[in-house]
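Let me begin by presenting the structure, written as structure tokens, before commenting on it.
The values are calculated or read from the model by the stated rules, or taken from the named source; none is laboratory data. Since the model is a prediction, treat every value here as computed from it, not as a measurement. With ideal geometry, Cβ positions are generated from the backbone for all residues, glycine too; neighbour counts draw on all protein chains shown. Remember, those area values only see protein heavy atoms, side chains included, never the ligands or the DNA or RNA. Shrake-Rupley method; radii C 1.70, N 1.55, O 1.52, S 1.80 Å.
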Amino acid sequence: MIPYGKQSITQNDINAVIEVLNSDFLTQGPKVPLFEASLVKQCGADHAVVVNSATSALHVACMALGLGAGDWLWTSPITFVASANVALYCGAKVDFVDIDASTYNMCPKKLKNKLQLAKAADRLPKILIPVHMCGQPCEMQEIKNLCDEYSVRIIEDASHAIGAMYHDEPVGSCKFSDITVFSFHPVKIVTTAEGGAALTNSSLLAEKMQLHRSHGVTREQAKMESISHGAWYYEQIDLGYNYRMTELQAALGVTQMQRLSEFNTDRRNLARRYHDELSNLPIRLPAELKNTKSAYHLYVIKLKLDLLNNTRKQVFEELRERGIGVNIHYIPVHTQPYYQALGFKYGDFPEAERFYDEAISLPIFHGMSYDQQDAIIEALKEILE
Ligand SMILES: *Cc1c(COP(=O)(O)O)cnc(C)c1O
């Protein structure tokens with residue numbers, strides 16, 4: 001089975017991890033700041049805080065921005081559940097802004113309307129989490145302008161988008177947001193097995209996130225309430241978690257980051273080949289907005305169901321039968337049983353639900369051969385033509 005996504009691990013990655021195993025530090029050593037420095041260098045933000053997953057990064061980001069009981073957080077219904085769940089971790093309430101049919105991203109016009117209504121009802125969100133679906137950057141300038149107007153803070157969920165560009169800025173620069181989050185899960189572009197990062201240009205937010213990733217405990221005298229009792233002394237000054245990344249993971253992150261541009265180029269090549277070869281089929285191909293460069297974590301096509309005799313499920317199953325590991329990203333979050341129990345209904349976000357009915361994620365990953373891709377293209381042509 002050709003998987004929809006797959007990590008790329010070299011001997012160099014393996015050696016870096018073995019080196020850590022032979023060193024003094026398995027956690028909280030020199031590799032973590034080194035990995036953070038590589039993210040800062042790539043993205044141009046001032047600070048990076050690495051943690052054990054993107055979910056943890058989103059959580060510490062929400063805590064740093066003061067999300068709490070009674071607050072609202074809005075995100076896209078087409079995302080992994082974690083983008084919404086983090087609001088609930090903080091005791092806040094979640095709502096969604098429906099997507100744009102061509103980018104699959106949160107629609108700025110729908111955001112504008114929803115903000116106007118929310119202001120009138122006195123229930124504006126504290127935080128907005130736009131998700132760069134598939135690696136295609138959201139329309140951040142429009143989103144930032146709206147959020148500035150209504151005093152809403154922004155966390156970019158860039159789990160799919162390391163190496164993507166928006167208006168000549170790398171995603172992660174935080175020029176259009178307070179915090180940007182990456183995921184290093186093995187299916188994502190860069191991997192540390194499990195891992196995530198939160199980037200920001202605010203030293204205050206960075207310090208808060210560092211505190212929350214490690215129990216809310218500090219060893220810095222300036223942050224303590226009393227005078228240090230001695231070299232052993234630490235103080236817990238807030239309630240945090242153990243969200244730390246290990247040295248093994250950070251070492252892998254450092255060597256993976258050295259190949260980021262190779263990963264990005266390879267994925268963009270594969271995306272262009274799909275684009276050229278699939279353009280005559282009864283499907284919609286992913287749009288790339290002007291002034292943006294997608295990172296193509298995913299390549300999601302949408303079936304024109306009115307032109308087809310097959311359902312999406314049939315096309316999906318026929319591809320799987322031919323050894324093509326297609327997948328579906330994502331089941332709209334508001335249709336999950338847990339969210340239905342919170343009061344969301346089918347029909348609440350119709351573009352997201354239509355997207356879910358039509359979408360299929362084709363395999364795309366660094367190291368996928370042209371032969372593998374040609375087999376996928378041929379299979380699609382046979383099934384759809
Ligand atoms: C993968 C993913 C996450 C969660 O990432 P983890 O590192 O697995 O916690 C969050 N949001 C989106 C959009 C993702 O794709």
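Looking at the chain, the pairs of alpha carbons with a distance over 41 Å make up 14% of the total.
From most to least packed by mean Cβ count within 10 Å, the peptides 190-196, 63-69, 208-214 give 190-196, 208-214, 63-69.
If you run the Gaussian network model on the chain, springs between alpha carbon atoms under 10 Å, then out of Leu117, Leu73, Leu34 the most flexible one is Leu117.
Using θ = phi - 60° in the Karplus curve 6.51 cos²θ - 1.76 cosθ + 1.60, the 3J(HN,Hα) couplings for segment 38-47 round to 5, 6, 4, 5, 5, 9, x, 7, 7, 9 Hz; x is entered for Gly and Pro. Note on the chain: with a GNM built from Cα contacts shorter than 10 Å, the maximum mean-square fluctuation among Phe349, Phe96, Phe25 falls on Phe25. Roughly what % of Cα-Cα distances in segment 328-372 sit above 17 Å, to the whole percent? That fraction is 48 percent.
If you run the Gaussian network model on the chain, springs between alpha carbon atoms under 10 Å, then out of Lys345, Lys31, Lys302 the most flexible one is Lys345. Taking a ≥ b ≥ c as the square roots of the eigenvalues of the Cα gyration tensor, segment 274-348 is classed as oblate, since a/c reaches at least 1.5 and a/b does not exceed b/c. Compactness of segment 1-111 was expressed as the Cα radius of gyration divided by 2.2 N^0.38 Å, which yields 1.41. Find which of Gln314, Pro337, Ile162 sits farthest along the positive direction of the dipole of the chain, computed with +1 on the beta-carbon of Lys and Arg, -1 on that of Asp and Glu, about the Cα centre. So the residue furthest toward the plus end is Pro337. Accessible surface for segment 1-110, divided over its residues, is 40 Å² per residue with a 1.4 Å probe.
Whole-Hz Karplus values for segment 70-83 come out as x, 7, 10, 10, 10, 9, 8, x, 9, 7, 6, 3, 4, 4 Hz, taken residue by residue from phi with 6.51 cos²θ - 1.76 cosθ + 1.60 and θ = phi - 60°; glycine and proline positions read x. Protein heavy-atom accessible surface, 1.4 Å probe, per residue over segment 116-242: 44 Å².
Computed across segment 87-210, the Kirkwood radius stands at 15.2 Å (inverse of mean 1/r, all Cα pairs). Dividing the alpha-carbon radius of gyration of segment 130-188 by the rule-of-thumb value 2.2 N^0.38 Å gives 1.08. Among rounded, prolate and oblate, which fits segment 213-308 when a ≥ b ≥ c are the square roots of the eigenvalues of its C-alpha gyration tensor, a/c under 1.5 means rounded, and a/b larger than b/c means prolate? Verdict is prolate for segment 213-308. Kindly flag which residue pairs out of Lys114/Lys208; Lys126/Lys223; Lys6/Lys304; Lys110/Lys290; Lys290/Lys381 have an alpha-carbon separation exceeding 24 Å in this structure. Too far apart for the 24 Å limit: Lys114/Lys208; Lys126/Lys223; Lys6/Lys304; Lys290/Lys381.
Using every Cα-Cα pair within segment 59-133, state what percent have a distance larger than 15 Å. When all Cα pairs of segment 59-133 are counted, 51 percent exceed 15 Å. Computed over protein heavy atoms with a 1.4 Å probe, the carbon and sulfur contribution to the accessible area of the chain reaches 50%.
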